[in-house]
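Visitor: This is the structure I want to talk about, given as structure tokens.
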Amino acid sequence: MMFTLSPEQTDLAAVLHEFLAAGRTDLTALGVDEVTDPVDLVVLFEELGHHAVPGPLAESLAVLPVLGAGPGSVAFPPHVPHAVEADRYYLVEDDTLREAAPVASIESVDPARRLVKLAAGPVVATGVPAARAFDLGVLTCSAQLLGLGRAMLELTTAHARSRTQFGRPIGGFQAVKHHLANVLIGLELARPLVFGAAVTLSSRDVSAAKVAASDAAWQAARTALQVHGAIGYTAEHGLGRFLLQTRALRTAWGSPSMHRSRVLEAL
Amino acid sequence: MMFTLSPEQTDLAAVLHEFLAAGRTDLTALGVDEVTDPVDLVVLFEELGHHAVPGPLAESLAVLPVLGAGPGSVAFPPHVPHAVEADRYYLVEDDTLREAAPVASIESVDPARRLVKLAAGPVVATGVPAARAFDLGVLTCSAQLLGLGRAMLELTTAHARSRTQFGRPIGGFQAVKHHLANVLIGLELARPLVFGAAVTLSSRDVSAAKVAASDAAWQAARTALQVHGAIGYTAEHGLGRFLLQTRALRTAWGSPSMHRSRVLEAL
Amino acid sequence: MDLSLDAETLAFQAEVREWLAAHVRPLSSMDTAAGFEEHREWERLLASARLSVVSWPAEFGGREASLLQWLVFEEEYHAASAPGRVSQNGIFLLAPTLFAHGTDEQRDRILPSMARANVVWAQAWSEPEAGSDLASVRSTATRCDGGWLLRGQKTWSSRAAFADRAFGLFRTGPGERHRGLTYLLFDLRAPGVTVRPIAQLDGEPGFAEIFLDDVFVPDEDVVGESGDGWRVAMSTAGNERGLTLRSPGRFTAAAARLVELYRKNPDPALRDRVVDAWIGAQAYRLHTFAALSQPPSGPAASITKVFWSELDVAIHETALDLLGEAAPGWRDGWLFSLSGPIYAGTNEIQRNVIAERILGLPR
Amino acid sequence: MDLSLDAETLAFQAEVREWLAAHVRPLSSMDTAAGFEEHREWERLLASARLSVVSWPAEFGGREASLLQWLVFEEEYHAASAPGRVSQNGIFLLAPTLFAHGTDEQRDRILPSMARANVVWAQAWSEPEAGSDLASVRSTATRCDGGWLLRGQKTWSSRAAFADRAFGLFRTGPGERHRGLTYLLFDLRAPGVTVRPIAQLDGEPGFAEIFLDDVFVPDEDVVGESGDGWRVAMSTAGNERGLTLRSPGRFTAAAARLVELYRKNPDPALRDRVVDAWIGAQAYRLHTFAALSQPPSGPAASITKVFWSELDVAIHETALDLLGEAAPGWRDGWLFSLSGPIYAGTNEIQRNVIAERILGLPR
């Protein structure tokens, strides 16, 4: 029993953080496409979320590699009915992987994402590990949500320390303190579920992680907007990008309700 | 359109309040068994709740009179499977009213209430207005919850003004203020639903009132206990009586879940 | 107690319903230049049917409808999915202030053009350092010949990107905070005014910053006494928080749409949230009826502000959870709902007001 | 990362499981005189199998189990529905303080009798004017020949109605609030002590008031330095809030019972609350595993205190909503759960600690 990151994993997180904080986006330069261990993937995706990196990330870096395909984007009906916009598309039905063609574009709640309705194309492979691929999609999406939540908590804590109203920092008001304490509690308790799911990769644990990470990150988003006030509601402020991506990922790779079903079935 | 109490109804509430505040319990001396108008019943039951009067009140004063029976207690399977302890029991199945005999005693979460499992006895009447009687049970129970919630808010506001910690009244802490503000909001918005249901007596409106009054009163109870702290957790403090009766009435005359079903079916 | 509508109100309801059925059509977003003009035209069409300001006196373009009839109008309006009101800031925030504190000359000059949307008004309450803490405004109005000169910066001004005029508070006297403020009206196209639109989360400029550099305001555009602006403005703030800005019809219509959505996408785990949305809208509707019969005190508006803003978020969040990330027909309303707990006084401030001014807890 | 158990821990788990299966039987409430003695006997039986204080050194009755093994023990204990621990205040609050701040003499004298429940300890933290604000205790200890004389009143003392001894803070010096306090042990049957049991909501005396009238305490019963009591007590408070008092096993067992209850009384509208209870318990369990591998800082205990206390309420509320007002097998646990957000520092205080000491928000 050793439920903590290895020094190598801690280093990976630090390197990623520095890289993304510098505004770089050429992830392949870092060799992240070679990350396959589920715990390493969680470390990677938490940092991707922490910087609200857009794009079909779970799809390209976690799901398609397991299926022997990619990069690109992939749909898994019924729980992932549409793919995120990309250069190349795939479709998984039962244990069959097919190429797919975009037939229509669909708005997401996050304007930085676009969804694409697919038409099935030629079969690429049969007997693919579809269940494992799906669970990796759910897991990495959960890790992203965790990182998004942490970023919004950091943004909001900093804002609450510096923004003054009624002659003092708003972070001195007990209501603001308690809002932010609740966000921290949610994230702190979601985090071990996400890493635990990376260790077991059971559908029960992966779904539990997704439920908790979605709720904690969305609570972080709501609180962030409320504490920021009108400034957080503007397109030019950084918060919006995090908030909108969080809302999209909350129901991506299966809704909270579907994941709660999966947990209950497995108990 | 005149959605406010008449002067006579306001007077009735005041008289009841004075009577119950004086510790009197002989309700028949006040002639309350002659109250039949649903709005008047809501006025009466809100005051009964406001003083946490125990006993099979909805049963004796609202439900059985409509069925041409009582006083006593009554079960309405499946939503009211057991009767509250009384001297005399009835049972309603479909449109048939029967006498009933107690066969077992069952604990309630409220030690001041006891439930009784009944065995069906001889038929008293057929073709009784069972649906209306049930709805009156739900309605008056909702009104009681409203009164209980109001009483707990009053108790707690008074406590928060007088109890001092860290050198000032605890009601000066923003967390306590916001807890109590939320309680007031819940009760203020549940109240018109209860009176509205008395006017229409539709099953949709009665169920909506029960859901809102149950949630608002239980929120009042949880907040009351939290703000009182340990003193509220003692048997000798007045709060417990209100809190326990609220928890019992929350699921009496149909659970919140069952009432939400009824609302949805009626939409 | 009686919840039935009288014959006159029923007739009015029928008229409104019929008119809306014949005239409502979808418009572009009012936060675009073209959409703003479409909405102005819609206001004019409403005015032509004497439906733009039903509760006002006839001389200003209204039909002296009772508050009950106004509520009925709003229910019909939202049930018909009629367009958002581009004149909302003027009609629901400025007009009540003019009725209470304006002069006859001001009412005659301002209200008819507002009712016909010839002049569309923006609010100019907040400043960069005065958000929740409105009393800390720093913009000034300095006495000059025949009027005042405005200097300073306003922000989060709804509609200001395309509107014609604005109203706000300015510091005119020596006092601190609530003292020495004056309620003034000014032209958004006057010399010295610079309007910088601010894009919202949806990318559209729903509000703007206003920079004021010696902008002249004639004496006739002071509302109430100079120096008495805080008191004058607070009567408006009550309106914004309370009944007028968010009529129950808006939420009963949204809840009904949510129930419909649930029937098409049933998920038993979300059933309670759908039902609670409907119950909440109904509660707010009946609460408003009760307020008509027995007008509540000022701070009671804080109770409804918290309630409707959280109800609105709950309705839209539930819709998004039912639909997933592609939420056609709900996204704009959802984004707008998120601003409800913030604007018109954050819900944190409202809860303080409720606790201190209604429950009597210490400040 | 690795969540598997080593062979030694698996063997220990098997031993505990087997022993509990053979010995657990239901007891009367420990808040009755008879039930208290039954629970004392149960502690002795546990001690005879060296299971009453598994993590302690062997010389005091333990078996030097690792923290992981202690957690495994607790999981088995709760899964077996074994009796509540009447010695809990001593084992989980006083003992860690003695390990950190006591003398060898105190440990030798106090711990073995605690492990065998020959002496059952009550806590005596709160006073009528010192609840959440523990630093405002007024009870005093005055120097006398060979020791101290206690005067004052303690309240909400868990187990004090039937326990043997108690520990608490007393004012011994001139300082204000956190200064001048001393951590003292005293005999609940000593001359000058009056214990008045207080009935809880369930009617049973789960706690008591303690009146102290010149109660003699010898010098050997001062823990740590005199005047240093606040610091000494705070190490205990951390234990109470954090891991030791509420082991995850308690919640994983309760959540498992809730899932079972749901299967017998399925109501799809309550499904999410049932699943969330299970997820919450699992989160707390894994969070504790993470804490074993990388011990968290002091104020982090406030995070878990808020979490487990609200989880416990949620589990029991859901059970009551599933069962209705007759809730056999859940009522006592439900009532107890309601005290969780209050005792060991209210959740409001804990949230202040989290915001100020972890997030660095201003006081």
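The values are calculated or read from the model by the stated rules, or taken from the named source; none is laboratory data. Computed from a predicted structure; not experimentally measured. Glycine gets a Cβ as well: all are built from the backbone with ideal geometry, and neighbour counts include every protein chain shown.
Visitor: Scan (1) at pLDDT below 95; (2) in the same structural domain as D:Thr346 (by TED's automatic domain parsing); (3) under 18 Å from the mean Cα position of the chain (by Cα); (4) not aliphatic (A, V, I, L, M) for the single condition D:Gln294 breaks and write down its number.
Guide: Status for D:Gln294: all satisfied but (3).
Visitor: Is it true that A:Val53 is part of a helix (DSSP H, G or I) and of a type in the set (Val, Ile, Thr)?
Guide: When the stated conditions are applied, A:Val53 does not pass them.
Visitor: Could you check, for segment C:300-312, whether at least one of its residues is assigned by TED's automatic domain parsing to the domain that holds C:Arg257, modelled with pLDDT under 95, farther than 25 Å from C:Val72 by Cβ and within 21 Å of the chain's Cα centre (by Cα)?
Guide: Yes, segment C:300-312 has at least one match.
Visitor: Also, I was wondering about something else. For segment A:238-267, give me each residue that is at the interface with chain C (Cβ under 9 Å from one of its Cβ atoms) and either under 12 Å from C:Leu323 (Cα atoms) or of a type outside the set (A, V, I, L, M) (or both).
Guide: Within segment A:238-267, A:Gly240, A:Arg247, A:Ala248, A:Arg250, A:Thr251, A:Ala252, A:Ser255, A:Pro256, A:Ser257, A:Arg260, A:Ser261 meet the criteria.
Visitor: Turning to a different aspect of this structure: Say we look at segment B:224-248 and pick out the residues that are surrounded by fewer than 24 Cβ atoms within 10 Å (Cβ to Cβ) and of a type in the set (S, T, N, Q); which of these is farthest from B:Thr156 (Cα to Cα)?
Guide: Looking at the filtered set, the residue picked out is B:Thr234.
Visitor: Pick out the one residue from D:Leu5, D:Leu10 that is surrounded by fewer than 20 Cβ atoms within 10 Å (Cβ to Cβ), within 14 Å of another protein chain (Cβ to nearest Cβ) and outside any helix (DSSP H, G or I).
Guide: Residue meeting the stated conditions: D:Leu5.
Visitor: Kindly establish whether D:Ala161 is part of a strand (DSSP E or B), at negative phi, among the aliphatic types (A, V, I, L, M) and out of contact with any His (no Cβ under 9 Å at 6 or more places or on another chain).
Guide: no
Visitor: Applying the selection to segment C:119-160, what residues are among the aliphatic types (A, V, I, L, M), within 14 Å of chain A (Cβ to nearest Cβ) and in contact with an Asp or Glu (Cβ under 7 Å, 6 or more places away or on another chain)?
Guide: C:Val137
Visitor: Every residue in segment A:199-213 that is crowded, with 19+ Cβ neighbours inside 10 Å and either more than 7 Å from chain D (Cβ to nearest Cβ) or outside any helix (DSSP H, G or I) (or both), please.
Guide: Within segment A:199-213, A:Ser203, A:Arg204, A:Asp205, A:Val206, A:Ser207, A:Ala209, A:Lys210, A:Ala213 qualify.
Visitor: Can you pull out every residue in segment A:126-185 that is in contact (Cβ under 8 Å) with a residue 24 or more places away in the chain, among the β-branched types (Val, Ile, Thr) and within 11 Å of chain D (Cβ to nearest Cβ)?
Guide: A:Thr156, A:Ile170, A:Val176, A:Val183
Visitor: So, one more: Can you tell me which residue within segment B:110-165, out of those that are assigned to a helix (DSSP H, G or I) and among the hydroxyl-bearing types (Ser, Thr, Tyr), is surrounded by the most Cβ atoms within 10 Å (Cβ to Cβ)?
Guide: In this case the residue turns out to be B:Ser142.
Visitor: When you go through D:Glu38, D:Glu64, D:Glu75, D:Glu43 one by one, which is the residue that is in a helix (DSSP H, G or I) and farther than 21 Å from D:Asp164 by Cβ?
Guide: Exactly one residue qualifies, and that residue is D:Glu75.
Visitor: Looking at segment B:64-109, which of its residues are more than 30 Å from D:Phe336 (Cβ to Cβ), charged (D, E, K, R) and either in contact (Cβ under 8 Å) with a residue 24 or more places away in the chain or surrounded by fewer than 16 Cβ atoms within 10 Å (Cβ to Cβ) (or both)?
Guide: Of everything in segment B:64-109, those that are more than 30 Å from D:Phe336 (Cβ to Cβ), charged (D, E, K, R) and either in contact (Cβ under 8 Å) with a residue 24 or more places away in the chain or surrounded by fewer than 16 Cβ atoms within 10 Å (Cβ to Cβ) (or both) turn out to be B:Asp87, B:Glu93, B:Asp94, B:Asp95, B:Arg98, B:Glu99.
Visitor: Out of D:Arg44, D:Arg17, D:Arg40, D:Arg25, which single residue is farther than 30 Å from D:Gly203 by Cβ, away from chain A (no Cβ under 14 Å) and among the charged types (D, E, K, R)?
Guide: D:Arg17
Visitor: Given the residues D:Gly35, D:Gly61, which is the only one that is surrounded by 15 or more Cβ atoms within 10 Å (Cβ to Cβ), outside the structural domain of D:Ser293 (by TED's automatic domain parsing), without any contact (Cβ under 8 Å) to a residue 12 or more places away in the chain and not aliphatic (A, V, I, L, M)?
Guide: Going through D:Gly35, D:Gly61 in turn, just one is surrounded by 15 or more Cβ atoms within 10 Å (Cβ to Cβ), outside the structural domain of D:Ser293 (by TED's automatic domain parsing), without any contact (Cβ under 8 Å) to a residue 12 or more places away in the chain and not aliphatic (A, V, I, L, M): D:Gly35.
Visitor: Among the listed residues C:Asp133, C:Asp164, which satisfies the condition of being free of Cβ contacts under 8 Å to residues at least 24 places away in the same chain and under 24 Å from the mean Cα position of the chain (by Cα)?
Guide: Matching residue, one of C:Asp133, C:Asp164: C:Asp133.
Visitor: Any idea which residue in segment C:331-351 is farthest from the other protein chains (Cβ to nearest Cβ), counting only those that are touching a Phe, Trp or Tyr at 6+ places or on another chain (Cβ under 9 Å) and either over 28 Å from A:Val109 (Cβ atoms) or outside any loop (DSSP other than H, G, I, E, B) (or both)?
Guide: Per the stated criteria, the residue is C:Leu335.
Visitor: Scan segment D:84-104 and give yes if some residue there is part of a loop (DSSP other than H, G, I, E, B), touching a strand residue (DSSP E or B) at 6+ places or on another chain (Cβ under 8 Å) and within 28 Å of D:Ala161 (Cα to Cα), otherwise no.
Guide: yes
Visitor: Still on this structure, I have one more. For segment C:195-296, give me every one of the helices (runs of 4 or more DSSP H) that falls completely inside it and has 2 or more residues that are without any contact (Cβ under 8 Å) to a residue 24 or more places away in the chain and within 11 Å of chain B (Cβ to nearest Cβ).
Guide: C:248-264, C:271-293
Visitor: Which residues, counting only those in segment B:21-50, are assigned to a helix (DSSP H, G or I), more than 13 Å from every other protein chain (Cβ to nearest Cβ), free of Cβ contacts under 8 Å to residues at least 40 places away in the same chain and over 21 Å from B:Ala86 (Cα atoms)?
Guide: Within segment B:21-50, B:Ala21 is the sole residue that qualifies.
Visitor: Here's something else I'd like to know. Consider segment B:172-185. How many of its residues are surrounded by fewer than 24 Cβ atoms within 10 Å (Cβ to Cβ), in contact with a helix residue (DSSP H, G or I) (Cβ under 8 Å, 6 or more places away or on another chain) and small (Gly, Ala, Ser)?
Guide: Number satisfying all stated conditions: 1.
Visitor: Condition test on C:Arg143, is it assigned to a loop (DSSP other than H, G, I, E, B) and either without any contact (Cβ under 8 Å) to a residue 60 or more places away in the chain or within 23 Å of A:Glu236 (Cα to Cα) (or both)?
Guide: no
Visitor: Here is a follow-up. Being within 12 Å of C:Ile354 (Cβ to Cβ) and over 18 Å from the mean Cα position of the chain (by Cα) is the filter here, so list the residues in segment B:175-209 that pass it.
Guide: Listed by number, the residues that qualify are B:Lys177, B:His178, B:His179, B:Leu180, B:Ala181, B:Asn182, B:Ile185.
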